[in-house]
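The values are calculated or read from the model by the stated rules, or taken from the named source; none is laboratory data. Remember, it's a predicted structure, so these values are computed and weren't measured experimentally. All Cβ positions, glycine included, derive from the backbone under ideal geometry; neighbour counts span all protein chains shown. For the accessible areas, the whole protein counts, side chains as well, though only heavy atoms, and no ligand, DNA or RNA atoms are used. Shrake-Rupley method; radii C 1.70, N 1.55, O 1.52, S 1.80 Å.
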Amino acid sequence: MVKKPKKRIDLQPWQDPKAKPYIHIEGVSKDFDGHVAVDSVTLSVFQGEFFSLLGPSGCGKTTLLRMLAGLEMPSQGKIYIDGVDVTRRPAYDRPVNMMFQSYALFPHMNVEKNVAFGLKQERISRSEINERVKDALRLVQMETYGKRAPHQLSGGQKQRVALARSLVKRPKLLLLDEPLAALDKRLREQTQFELVTIQEKVGVTFIMVTHDQEEAMTMSTRLGVMDHGRMRQIGTPNEIYEYPNSDYVADFIGSINKFEGRVAEDETDHILVESEEAGCELYVSHSADVPIGSQVKVAIRPEKVMISTSPPEQKRNSTRGIVKDIGYLGDVSIYHVELASGKIVLATQPNLVRLAERPVTWDDEVYLYWRAENSIVLMT
Ligand code: ATP
């Protein structure tokens with residue numbers, strides 16, 4: 001798991017009702033000959049944010065990005081950038097730049113010329129162009145590669161040149177479509193950090209499309225999870241991970257255990273769910289505002305499930321099963337535990353050397369238990 005780089009945004013503008021969004025998308029839809037690619041999306045993004053659009057292939061992420069860039073016109077709704085309605089403005093008339101998945105470097109131009117290209121269309125003196133190209137290449141640590149041709153660069157280096165070319169025009173908003181897709185896993189993880197560092201340094205608002213949930217979680221201030229053209233949830237990586245608002249989002253981000261059950265109590269501070277599948281009463285420390293007797297799902301992340309060969313004191317949120325499989329991942333192990341109902345529950349445990357207790361192994365009967373505040377009720 002990649003460690004999340006620390007974002008330097010202390011103030012969280014999305015929590016401040018007085019903060020003015022830099023980008024505001026209001027009820028935007030896009031219909032391609034009867035196929036709705038983007039469906040009534042409303043979203044605000046604030047200056048300096050690194051916002052990711054996340055979702056499976058075909059859910060409308062790229063179409064939404066292209067509408068922001070002015071490469072596609074919405075069928076409905078409005079797009080505002082810095083308070084100005086840009087819905088019908090062409091791409092060249094927006095303070096926006098887009099970096100494409102393919103990087104689209106010109107093969108016959110060297111690195112410097114590739115980066116300078118965008119500036120040459122504007123009326124800028126040669127000395128200023130040289131200065132800005134140098135600055136942009138320094139920013140992405142490619143200042144010594146200026147004379148190389150694109151085919152003499154590695155994938156990661158091409159990616160950095162494409163980024164320099166996007167930033168040299170000093171856009172207020174940079175749109176990135178799967179910017180790391182062409183890189184192998186290791187380089188991709190390293191580049192994630194670089195991209196976040198560069199974004200913080202230049203203070204440009206970034207909106208990135210990705211279908212890689214780990215990447216979105218690692219890099220973003222906030223992210224939006226899309227499904228069939230709709231925005232299912234918008235939140236910080238932590239909110240989306242800890243409090244998914246639906247079954248769909250819970251499944252999309254990381255792995256999660258879900259138990260079906262019937263609501264027995266719903267109070268302001270807790271909900272109690274009877275679950276045959278879990279083999280115990282499930283106590284969740286938030287209310288759900290649903291009628292008694294409704295069927296719901298209670299979800300708990302595998303790393304929040306504790307596993308032990310001796311019984312815990314708690315009766316609720318506590319069940320028993322047999323270890324059927326153990327996945328060893330180096331620093332952690334994932335235990336697959338089968339309950340009496342046949343349900344398989346995943347529990348992730350760090351591989352610490354525990355002298356007091358013999359390690360849990362295959363076919364052991366174990367107790368699984370968790371804290372009420374670590375579980376949530378999923379409504380849809
Ligand atoms: P991916 O991760 O695969 O790039 P995505 O989430 O970015 O997918 P989009 O490219 O926005 O998805 O496409 C959303 C839907 O709209 C898809 O069903 C796609 O086939 C359709 N679509 C996109 N562009 C067009 C177009 N120009 N004409 C017709 N349909 C289109």
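With both labels modelled 7 Å from their Cα along Cα-to-Cβ, the residue 57 to residue 290 distance reads 3.3 nm. What FRET efficiency comes out for the pair residue 326/residue 264, r = Cβ-Cβ distance, R0 = 35 Å, nearest 0.05? About 0.55, to the nearest 0.05. Each stretch of four or more DSSP H residues adds -39500 (n - 2.57); spread over every residue of the chain, this sum gives -6500 deg cm²/dmol at 222 nm.
Counting only alpha carbon atoms, the long axis of helix 111-120 and the longest principal axis of the chain meet at about 70°. Principal semi-axes of the equivalent ellipsoid, √(5λ) from the alpha carbon gyration tensor of the range 13-248, are 30, 20, 17 Å from largest down. Our summary gives the chain a relative contact order of 15 percent, counting only alpha carbon pairs under 8 angstrom and 6 or more residues apart. Ignoring aspartates and glutamates fewer than eight residues from residue 324 along the same chain, the ones with Cα atoms less than 19 angstrom from its Cα are 277, 303, 338, 363, 364, 365.
Each Lys or Arg adds one and each Asp or Glu takes one away; over the other residues whose Cβ falls under 10 Å from the Cβ of residue 53, this sums to 0. Of the listed residues 352, 176, the order by accessible area with a 1.4 Å probe, largest first, is 352, 176. Couplings 3J(HN,Hα) of the range 186-202, computed from phi: 5, 5, 4, 5, 5, 5, 4, 5, 4, 4, 5, 5, 5, 4, 5, 5, 8 Hz, in residue order, whole Hz [Karplus 6.51 cos²θ - 1.76 cosθ + 1.60, θ = phi - 60°; x for Gly and Pro]. How large, in percent, is the carbon and sulfur part of the accessible surface of the range 51-191 at a probe radius of 1.4 Å? On the range 51-191, the fraction of accessible area on carbon and sulfur atoms equals 47 percent. Distance between the 7 Å Cα→Cβ label points at residue 82 and residue 185: 4.2 nm. For the range 20-37, the Karplus equation 6.51 cos²θ - 1.76 cosθ + 1.60, evaluated at θ = phi - 60°, returns couplings of 8, x, 7, 10, 10, 10, 10, x, 7, 10, 9, 10, 9, 6, x, 9, 7, 7 Hz by residue, with Gly and Pro reported as x.
Secondary structure note: in the chain, about 75% of the DSSP beta bridges are antiparallel. For the chain, the per residue solvent-accessible surface stands at 50 Å², with DNA, RNA and ligands left out and a 1.4 Å probe.
The stretch between residue 71 and residue 106, if pulled fully straight at 0.36 nm per residue, gains 10.5 nm over its current Cα-Cα span. Can you give the net charge of the other residues whose Cβ lies under 14 Å from the Cβ of residue 179, counting K and R as +1 and D and E as -1? After counting each charged neighbour, the total is -1. Ordering 37-47, 322-332, 213-223, 263-273 by mean Cβ neighbour count within 10 Å, with the highest value first, yields 213-223, 37-47, 263-273, 322-332.
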